[in-house]
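One structure is given here, and the rest of the page talks about it.
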Amino acid sequence: MPAPLLITADQVNCLIHAYFLDSGFQHSAFAIRMEGRLDQSPHIKKHIPRGELIELLSKALLYSEVEAHWKGDELSTNCSVPFSLLDPHACSLQPLSSTNNGREPSATKVNGDTAGKRKATTPSEDARAEKRARKEQDEKDAQMNVDGAPAPKPKPKDAKSDPPQALPEPPAKKLKHKPSVVGARPGAVRFLQAHKTEVFVVAWNPATKGQLVSGSRDAVVNYWAVPSGPNNDYTTPIQPTLTLSDFTLESQADLTALNWNHDGSLVAIGSYDSILRICTPNGETYFKDSHHKGPIFAAQFSPSGQWIATASLDCTSCVWDVKQKRIHRQYRNHGDACCLDVEWLDDSTFASCGADKVIHIVSLTAAGPLHTLEGHEGEINSVKCNPSRTRLASCADDGTARIWNIENVHSEKALPAPVILNGHSQCLTSIEWCPVTGPGEHELVATASFDATARLWDAVTGNCTKVFVDHTKHVYAVTFSPDGRHLVTGGGDGSLMVYEVKSKEKKWSWYTGEKSGIFEIDWQSWGNTSLIALALERQMVAIVDPGKVPALQSS
């Protein structure tokens, strides 16, 4: 006798919770986690593959189709009415061909279009990089692809969606290469393998060459010493110099933020368990505080390192005095809306943004916000200040970015109207300033979006100077090289794209493998040494050495 099917409300709640996280609905996920008491569930720690709920619903829909169309011992395939999750199916069989003696076409062997044409169109599986993705990888996918030409693109699962730009069709058969074979010298790409779950965040120590910290979904922080240069032994696996794995007993404590202070003496760690931790380069705990009552989404040191600001889903931002190891003040400027990001404008002024669609400019010495910047029509996901601290860039779920003039931020006069960057068709995930601007040139910003594109913008005129359409899924991460010569993007399709800023041409690409998103990118230089770190869905960190990629060398 077959084992009985077992479906419990707790299992369903965990599936819905995972679906909310995959889709970027952080607030809804937090609500069902609390109301369903999922922290006490034996299933909350289980790995739920990304898109699992949609996959199960698709299979249920296929079963319903077979059940409705099974006639005798054959499957009818001439019904022209599609199946839907919400609408009842009214079967409309086409007239039968006389070539089969009046019988319905045989489809006992369901193959070809018969099996595929009716699969429910599922929403894209990818979600905010930070913010998570869930997909266990087979060991057989460990083979990677390095190429100086365009990376092979997996076909999007949501084949019915309308992309903002026509993307090239994927090749009939993807070619796979071992790392460092094509388009790069040996050792150009290395892998740091110690994490047991998805890696969400990575951060290089700005002062110590090759020191990297990485954080994963299971609240593990690894410290690494990454060798570089032409003579390092790239065949020897790199092991963590230190692992911090006893942070919390919470069932969900995804690491969401890593930020070093300017001299590399302290690193701030933000987590879903609501606790701010500050550690030394040796892994010692310098300070920790549980003042927040919701997940921390951002943590950033002030330029001098005297302060640290945080943004939390408890609808507040906090500022701590680093030297005194105590909280300076908690700000509730966003009302009942979650605070999603913070950015320092100078050593005593910071900006916070949130789900209330506004940006608050806050002075540590003022009772309330100096300015409130309005205009976005969706949740504001990120704010970034330009190198000269005279402009603030923001990006939001409304598909737009804005450039705010903050030169007179300490004046009582209203700030000028922003420059609006309009062109993306879906929500923006990140925005970055080019760190170098030539004489007489306008500053540039880059944006990444769920519409599978990245864009380069003139921050003065608001004109889009280039649309990059090489990705086939959500673009999670975008950043510039420290010298401003290159722009690099990473997305849910597992592809890394490197473009030359001046020519706006793709110079190199690397494909991590199927179903392995790139969540975060950090490109750091120490003198003549330059390294790129990638946080991968495939439970590892990838290190790219641009010095071993000929296409990225100076002319």
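Summary of values
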| quantity | calculated |
| --- | --- |
| Backbone N within the range 341-382 under 19 Å of label point (7 Å from A414 Cα along the Cβ vector) | 357-362, 369-377 |
| Restraint check, K288/K413; K196/K466; K46/K293; K46/K473, Cα-Cα greater than 28 Å | K288/K413; K196/K466 |
| Carbon/sulfur fraction of accessible area - the range 440-555, other protein chains in place, 1.4 Å, % | 42 |
| Principal semi-axes in Å for the range 182-235 [√(5λ), Cα gyration tensor, largest first] | 23, 15, 9 |
| Taking the convex hull of Cα positions in the range 236-332, its mean projected area over all directions (nm²) | 6.8 |
| Within the range 193-309: Cβ-based charge dipole about Cα centre, in debye rounded to nearest 20 (Lys, Arg +1; Asp, Glu -1) | 120 |
| Two-site FRET efficiency, K288 against E55, from Cβ-Cβ distance with R₀ of 41 Å, rounded to 0.05 | 0.60 |
| Cα-based radius of gyration of the range 277-403 once divided by 2.2 N^0.38 Å, which approximates compact folds | 1.02 |
| Ratio Rg/Rh, restricted to the range 269-322 and using Cα atoms, in which Rh is the Kirkwood radius | 0.95 |
| Sparse-neighbourhood loop sites, trypsin sites (Lys or Arg not before Pro) in the range 242-339 - DSSP loop, at most 13 other Cβ within 10 angstrom | K293, K323, K325, R332 |
| Paired Rg and Dmax values of the range 434-555, which use every Cα atom, in angstrom | 14.0, 44 |
| In nm, spacing of pseudo-spin labels at Q40 and W70 (7 Å Cα→C-beta vector) | 4.1 |
| At 0.890 mPa s and 25 °C, Stokes diffusion of the range 493-555 via Kirkwood alpha-carbon radius, µm² per second | 194 |
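The values are calculated or read from the model by the stated rules, or taken from the named source; none is laboratory data. Predicted model only: the values in this text are computed from it and were never measured. Glycine gets a Cβ as well: all are built from the backbone with ideal geometry, and neighbour counts include every protein chain shown. These accessible areas exclude ligands, DNA and RNA; they are computed on the full protein's heavy atoms, side chains included. Shrake-Rupley method; radii C 1.70, N 1.55, O 1.52, S 1.80 Å.
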